[in-house]
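Asker: Just dropping this structure here.
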Amino acid sequence: MLEADSREEHIDTVRNYMPLRLIAISFASFIMAVNINTFVHTGGLLPGGASGLTLLLQEAARKFLNVNLPYTVINMAINAFPIYIGFRFIGKRFTMLSCYVIVLTSVLADILPSYAITQDTLLISIFGGLINGCAISLCLLMDSTSGGTDFIAIYLSEKRGIDSFSIPLVINACILITAGVLFGWDKALYSIIFQYASTSAVRIIYRKYQQATFFIVTNKPKEVCEAISRISNHGATVLEGEGSYEHCERNVVYSVVSGAESGRVIQAVKTADRKAFVNVLKTERVIGRFYQRPTD
């Protein structure tokens, strides 16, 4: 848990220093562009979202019109509406950094050479998806995004109070069905594996819109509540109970915090009361007032 706490502190340090933040998202853009020109192109896959739709239109233009369309122009046009959602509902700095990621990724995808690491489509689907998910997660950790359906997922997550990064799978399914009809179902099915691996990586690494429920048995409820509030800006409820073994009075502190802050909250609770018994549960959904740190 100390490692998780230290990792979150390092992420906050980078996120609060704009030059490091730009370096991080530039690296993520480079990784996404390389992934497109190696795994995605080699396997003939569609990564989903705006990138997948862009590649679908490129492939359709090559196959049916014998025209090579530039990745940058199509990707920017497709991202126009999601960018509007970002400016209107999420955050201006967040959207500006996301635009930088979209443009840089698009340009790099056009100018970097293609290189086939392996011809095994299953390996391409799994590892290409994991690399894509890690690159997207790095953008999200730096309060930006790779564009497309990520804007929609973040908007829905903030509006509905739940992790909505699985919802774009419906949009991606429509893209993949179209690809299956036009170019064959084998590539479409492999693309589903790619997209599932990518989404799984994002949900493991990026936990801002996931919640964790805490039940803490403690003799220092006031100090524990203050520790939770200091770290997460969330309140807590103190329940009175009785220990079944010693039949003495016990206090149980109940609170729900962001999954991204759970490591630091546990460390703060153990500092406030080293004898505290902490039970952490994964929360499916929160309905009601739940503080979410604003996106800049």
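The values are calculated or read from the model by the stated rules, or taken from the named source; none is laboratory data. For clarity, every value in this text was computed on a predicted model and none was experimentally measured. Using ideal geometry, Cβ is built from the backbone for each residue, glycine included, and neighbour counts are taken over all protein chains shown.
Asker: So, of the residues in the stretch 205-216 that are at pLDDT 85 or above and either surrounded by fewer than 19 Cβ atoms within 10 Å (Cβ to Cβ) or in contact with a Leu (Cβ under 6 Å, 6 or more places away or on another chain) (or both), which turns out to be farthest from Ile171 (Cα to Cα)?
Answerer: Top of the filtered list is Phe215.
Asker: Among the residues of the stretch 123-151, what is the count of those that are buried (at least 20 other Cβ atoms within 10 Å of the Cβ) and over 24 Å from Leu22 (Cβ atoms)?
Answerer: 4
Asker: Also: Out of the residues in the stretch 27-61 meeting the condition of being in contact with a Ser or Thr (Cβ under 6 Å, 6 or more places away or on another chain) and in a loop (DSSP other than H, G, I, E, B), tell me which one is nearest to Ile136 (Cα to Cα).
Answerer: Only one residue fits best here, namely Leu46.
Rundown of residues vs (1) closer than 24 Å to Ser125 by Cα; (2) under 23 Å from the mean Cα position of the chain (by Cα); (3) surrounded by fewer than 19 Cβ atoms within 10 Å (Cβ to Cβ), yes/no style:
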position: Leu20; (1), (2), (3): no, yes, yes
position: Phe27; (1), (2), (3): yes, yes, yes
position: Ala33; (1), (2), (3): yes, yes, no
position: Val40; (1), (2), (3): yes, yes, no
position: Gly43; (1), (2), (3): yes, no, no
position: Leu46; (1), (2), (3): yes, yes, no
position: Tyr71; (1), (2), (3): yes, no, no
position: Ile74; (1), (2), (3): yes, no, no
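Asker: In the list Gly235, Gly259, Gly243, which residue meets the criterion of being within 27 Å of the chain's Cα centre (by Cα) and free of Cβ contacts under 8 Å to residues at least 40 places away in the same chain?
Answerer: Residue meeting the stated conditions: Gly235.
Asker: For a quick check of your reading: which strands (runs of 3 or more DSSP E) sit entirely within the stretch 198-296 and have at least 1 residues that are of a type in the set (D, E, K, R)?
Answerer: Per the criteria, 237-242, 249-258, 277-283.
Asker: Sticking with this structure for a sec: With Ser191, Ser164 as the choices, which residue is at pLDDT below 85 and assigned by TED's automatic domain parsing to the domain that holds Glu59?
Answerer: Ser164
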